[in-house]
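Please read the structure below before turning to the comments.
What follows draws every value from the coordinates through simple rules; no lab data is involved. Note that the coordinates shown come from a computational prediction; the quantities given were computed from them, not determined experimentally.
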Amino acid sequence: MTVNRIIETLRQQAELYEQLLAAEREKTDALVRGKVDQLNAVVQKERKLTRQAEELERLRLEETRGFFAEQGLPGGFVGRMSDLVRAVHAPGDKREILHLQERLSGLLRDLKKANEQNQQLARQALEFIHFSIDLMVENPNEGLVYEHPMNQANKRYGSGLFDSRI
């Protein structure tokens, strides 16, 4: 295994994470605008990209383990970027790996933040839907039996926030 193959895999991972970040931003737009069809399309796209990311990570680990084995390094090296940086001796390769490590870390941090934001938006949308349903659906037994208006004075009307008596 050469370091160049590992570096190329890291570049591919960075490009893929950029695509995932763009998809997260599309998802944010779809959630804010309430476009369910667009949201569904983005989720499908994300699933495909996530499978590709898993495959690239598996490949990177395999290549890194092979490189470590060729270098005669002990089995404790499992593919961490810091281990790879220490094992590479060529200054240009080491610089490139450090640059890609920084780039990947930033992308993963941005992905995590965008994902958390989208989860919060989705939760808020669901809470709004439940709130809207609760406002529209009143207690079905309420108002079926006539009561004297004086007896109704202490009772709350409906389950919603809007009081038509006002």
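The orientation-averaged projected area of the convex hull spanned by the Cα atoms of region 1-111 comes to 7.0 nm².
Straight-distance candidates among the aspartates and glutamates for linking to Lys35, with alpha-carbon spacing under 18 Å and chain neighbours fewer than 8 residues away dropped: Glu24, Glu26, Glu46, Glu127. Remark: the Asn40-Arg58 segment gains 3.7 nm on full extension, using 0.36 nm per residue and subtracting the alpha carbon distance.
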